[in-house]
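Working notes, structure below.
The values are calculated or read from the model by the stated rules, or taken from the named source; none is laboratory data. Worth saying up front: this structure is predicted, and the values here are computed from it rather than measured. In this analysis, Cβ positions are derived from the backbone assuming ideal geometry, glycine residues included, and neighbour counts consider all displayed protein chains. To get the accessible areas, we keep the full protein, side chains included, count just its heavy atoms, and leave off ligands, DNA and RNA. Shrake-Rupley method; radii C 1.70, N 1.55, O 1.52, S 1.80 Å.
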Amino acid sequence: MALYLLFESASGYGLFHAYGIDEIGQSMDAVRASVVDLDRFGKAVKLAAFTPFSSAVDALNQCNAISEGIMTDELRSFLELNLPKPKEGKKAKYSLGVVEPKVGSHISEVTGIPCQSNEFVQELLRGVRLHFDRFISELKKSDLEKAQLGLGHSYSRAKVKFNVNRVDNMVIQAIFLLDTLDKDINSFSMRVREWFGWHFPELVKIVNDNYIYAKLADYIKDKSELAEKDISKLADLIGDEDKAKEVVEAAKASMGQDLSEVDLMNVKQFAQRVMNLSEYRKNLYEYLVTKMNDIAPNLTSLIGEVVGARLISHAGSLSNLAKCPASTLQILGAEKALFRALKTRGNTPKYGLIFHSSFIGRASTKNKGRMARYLANKCSIASRIDCYSESATAVFGQKLREQVEERLDFYDKGVAPRKNLDVMKAAIDSMVNDATNDVDDGEKVDASAKKSKKKKSKAEADGEAMDLDKPSNVADEAEPGTEKKKKKKHKLEEEPQEQEKSAARANGDAEENGTPKKKKKKSRDVSEDAEPKTATEGKKKKKKSKTEDSD
């Protein structure tokens, strides 16, 4: 059976025919020895066809497809064009050797070409890769190296360029910086307390919070200058008026030593630096909360932002955390204790970083290990949903949190929790309902937008009509004769109705008062203003009214 080799290079696809395998031998040692010698290897493998890539973008697309185990249309057409076609109803008398087994399985499924990827084929393709520039005379080695370098850079760049909002590296850096800031702020706050305590030692017992103490050290500066007028400002800083009065009273009878202006200025600057660090720490925490809600919303709603971020940073990434089993996630962060227990054959730790969760603290002492195991199980599920789901939603995390709450009640009160299958079904149903509601809201918005567009178009049309009428009105003002003609036309349209009404009234007045002449005069006056056609119509109606009166 003939053997063809498919080689994917940075410059294009190459198809090689390995027809002289008997010359180099079937054993692996013989193949490895022949790969080094080009004269010997060139007698066994010959170039059958080569198609270059059209551009760098095409090369990147083909490389991505090969790495994912997919056969592209270009590769299929290349193989069907250059490989011998078997007769109908018969198997092919050759096989295709490929590097990637996934690509070979996809090629055999789609085209029916038998593929193989074993150690023998790998060694032959290694020789092709080594002497590839020698098989193609027009291809220089420098050009091939440039193509390989450019494709390598673009392929790596495309792999790194994933969703910007779900970059877990930012969470890892943020939680590391948050822990470092906590240590620095604590040490700096203690230094402010010691430094300013030489001047105002009584303030330490009154104010316990480090941030408020730094604010007071920045505001007070010199304790001898404090007076009753400063109580309101001190109350704003402390948040308690009684403590503000206590600070003023303590400043009057303070036992601290006096400091020079330069020393007080240095203390003030250091206190300001501590305040700025504390404010930056708050902003960093808000940033961490938003990033965790974007990257791992289910894990965040289940265990919290800080603990979830510590789990991700300790695992290295969200994908690594998702690959960890629940037993590994349970003791993540307690590796030293685990290996010490294994070495000394003692008790292994029950929990690691998840100990900082509120669920472990709320559980009783005998149930802490069971609660840690159950919580690690749910954290593993939440991390996998966050890592592999396409749509970011916190529905599953909320349902998993409800399950953990139910498990706590089960351990404390004996209330039976719901089954995991029912909870997951409810979560999926709620997610589907939310998606349908979003679609309905979008359709309503689109419909309202269409209606508003129609209204705007109608208003614009009416405005254009009004604009067309305005110059006619100006012309009417300039020519009073035309205005009279329009008034006459309007009267002609209204006249038949008025004449019918006046005729009916005239009949009633004639029967009661016997004075029809005045009404006739009025109708004549109206008919005189009208045109001749309307006058004849008025006369006919008068004749009809006379005949009705005579009857």
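Just by accessible area at a 1.4 angstrom probe, what is the order of Asp412, Asp29, Asp222, Asp184 from largest to smallest? Before the final figure, lay out the partial values.
Values: Asp412 95, Asp29 115, Asp222 30, Asp184 55 Å².
Greatest to least solvent exposure: Asp29, Asp412, Asp184, Asp222.
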Please report the accessible area of Lys215 (heavy atoms, 1.4 Å probe, ligands and nucleic acids excluded) in Å², nearest 10. 60
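Where Rh denotes the Kirkwood radius from the mean inverse Cα pair distance, what is Rg over Rh for segment 248-355? If you can, show how the numbers build up before the last one.
Values: Rg = 23.0 Å, Rh = 18.0 Å.
Reported Rg/Rh (Cα atoms, Kirkwood Rh): 1.27.
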To the nearest 10 square angstrom, what accessible area does Leu151 show with a 1.4 Å probe? 30
On average, how much accessible surface per residue is there in segment 81-217, in Å², for a 1.4 Å probe, leaving out ligands, DNA and RNA? 61
Most packed first (mean Cβ within 10 Å per residue), the peptides 335-345, 140-150, 314-324, 109-119 order as 314-324, 109-119, 140-150, 335-345
First select every other residue whose beta carbon is under 12 angstrom from the beta carbon of Ala376; then total the charges, Lys and Arg +1, Asp and Glu -1. +4
Could you compute how much accessible surface Thr51 exposes when probed at 1.4 Å, giving the result in Å² to the nearest 10? 50
Rounded to the nearest Å, the spacing of the alpha-carbon centers of segment 78-143 and segment 314-362 is 48
Sorted peptide list for 193-202, 83-92, 69-78, criterion being average Cβ within 10 angstrom, highest first: 193-202, 69-78, 83-92
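Run the accessible area of segment 296-433 with a 1.4 Å probe and give the carbon-and-sulfur part as a rounded percent.
Details: 3750 of 7100 Å².
Taking all protein chains in place, segment 296-433 shows 53 percent carbon and sulfur surface.
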Highest to lowest packing among 291-298, 392-399, 130-137, scored as the average C-beta count within 10 Å: 291-298, 392-399, 130-137
Summing +1 per Lys or Arg and -1 per Asp or Glu among the other residues with Cβ less than 15 Å from Ser260's Cβ gives -2
Report the local net charge at Asn420: Lys and Arg +1, Asp and Glu -1, summed over other residues whose C-beta lies under 10 Å from its C-beta. +4
The pairs in Lys90/Lys141; Lys183/Lys268; Lys215/Lys252 lying past 30 Å Cα-Cα in this model are Lys90/Lys141
